[in-house]
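To start, the structure itself, in structure tokens.
The values are calculated or read from the model by the stated rules, or taken from the named source; none is laboratory data. The model shown is predicted, which means the values in this text are computed figures rather than measured ones. Counting neighbours? That spans all protein chains shown, and the Cβs are built from the backbone with ideal geometry, glycine included. We work out accessible area using only protein heavy atoms, side chains counted, and drop any ligands, DNA or RNA first. Shrake-Rupley method; radii C 1.70, N 1.55, O 1.52, S 1.80 Å.
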Amino acid sequence: MLWLGYRGAVEPGEVETARLILRRPRMNDAASIFERYASDPDVTRFLGWPRHASIHATEAFLQFSEQEWERWPVGPYLIVSRADGRLLGSSGLSFQSAHEAVTGYVLAKDAWGRGYATETLTAVVAVARRLGVRRLTAQCHPEHWPSRRVLEKCGFVRDDPPTLVVEFPNLTPGRQQEAACYVLLLS
């Protein structure tokens with residue numbers, strides 16, 4: 001059963017689930033993000049953003065994150081273990097409009113296969129619903145079956161059209177290829 005606890009009156013700046021805390025990133029998280037997942041070639045293989053080659057790329061992400069949180073009700077979240085406070089990955093919402101957002105997730109290698117992606121995505125969907133998002137989308141590489149399965153377990157279905165041509169910079173830099181597109185309608 002999912003329990004969501006929100007800290008703060010207006011915005012869900014911190015979301016708690018049974019095992020996780022999703023919280024707003026801070027500039028002093030840069031080293032942990034870089035070391036835990038953003039610079040790992042295995043972790044970033046199927047992602048739509050380039051692997052961080054230096055801590056400066058991670059700092060740029062944190063600046064972008066701060067801008068998203070200033071512009072919209074929420075933005076990127078860090079995923080932290082409630083048990084030991086260890087950084088596990090990140091997720092969040094990227095708003096396209098007040099009623100449409102994109103989501104995704106990334107987990108450090110030692111957090112794979114433990115149900116954290118499903119628990120995180122379920123929480124992010126609940127936040128989106130609470131904020132009045134009507135259409136939530138996600139993309140993944142067609143060969144990344146674990147991510148596709150998580151999206152489907154959380155109620156996402158293939159969008160129409162079911163594919164989009166994008167770049168996966170950690171697989172084939174500069175080359176466009178198809179991504180599997182998913183949607184969840186939250187009306």
Sole exception among (1) closer than 25 Å to LEU186 by Cα; (2) in contact (Cβ under 8 Å) with a residue 40 or more places away in the chain; (3) buried (at least 20 other Cβ atoms within 10 Å of the Cβ); (4) not acidic (Asp, Glu) for ALA108, by number
(1)
Quick one: in segment 174-187, which of the residues that are in a loop (DSSP other than H, G, I, E, B) and without any contact (Cβ under 8 Å) to a residue 60 or more places away in the chain is farthest from ASP40 (Cα to Cα)?
SER187
Let me confirm something: among GLU100, GLU119, which residue is open to solvent by less than 70 Å² (accessible area, probe 1.4 Å), more than 21 Å from ILE33 (Cα to Cα) and not small (Gly, Ala, Ser)?
GLU100
For LEU171, all conditions in the list (1) within 24 Å of PRO41 (Cβ to Cβ); (2) free of Cβ contacts under 8 Å to residues at least 60 places away in the same chain; (3) among the aliphatic types (A, V, I, L, M); (4) not in a strand (DSSP E or B) hold save one; what is the number of the exception?
(2)
Going through ARG86, ARG114 one at a time, which residue ends up being over 23 Å from ALA30 (Cβ atoms) and either loosely packed, with under 13 Cβ neighbours inside 10 Å or over 12 Å from the mean Cα position of the chain (by Cα) (or both)?
ARG114
Regarding segment 72-81, can at least one residue be identified that is farther than 15 Å from ASP110 by Cβ, open to solvent by 40 Å² or more (accessible area, probe 1.4 Å) and in contact with a Pro (Cβ under 6 Å, 6 or more places away or on another chain)?
no
Test of understanding: among VAL125, VAL133, which residue is open to solvent by less than 30 Å² (accessible area, probe 1.4 Å), at pLDDT 95 or above, within 14 Å of VAL74 (Cα to Cα) and out of contact with any strand residue (DSSP E or B) (no Cβ under 6 Å at 6 or more places or on another chain)?
VAL125
Filter segment 164-187 for residues that are among the polar types (S, T, N, Q) and open to solvent by less than 90 Å² (accessible area, probe 1.4 Å) and give the result.
ASN170, THR172, GLN177
In segment 5-22, how many residues are assigned to a loop (DSSP other than H, G, I, E, B) and either under 15 Å from GLY92 (Cα atoms) or modelled with pLDDT under 50 (or both)?
7
Whether any residue in segment 58-80 is without any contact (Cβ under 8 Å) to a residue 24 or more places away in the chain and of a type in the set (Gly, Ala, Ser) is what I want to check.
yes
Tabulated pairs, segment 145-156, first farther than 10 Å from TYR182 by Cα, second open to solvent by 90 Å² or more (accessible area, probe 1.4 Å) and of a type outside the set (Ser, Thr, Tyr), C-beta under 9 angstrom, 6+ apart or interchain:
PRO146/TRP112
Identify all residues within segment 148-163 that are surrounded by 14 or more Cβ atoms within 10 Å (Cβ to Cβ), modelled with pLDDT under 95 and not charged (D, E, K, R); write none if there are none.
PRO162, THR163
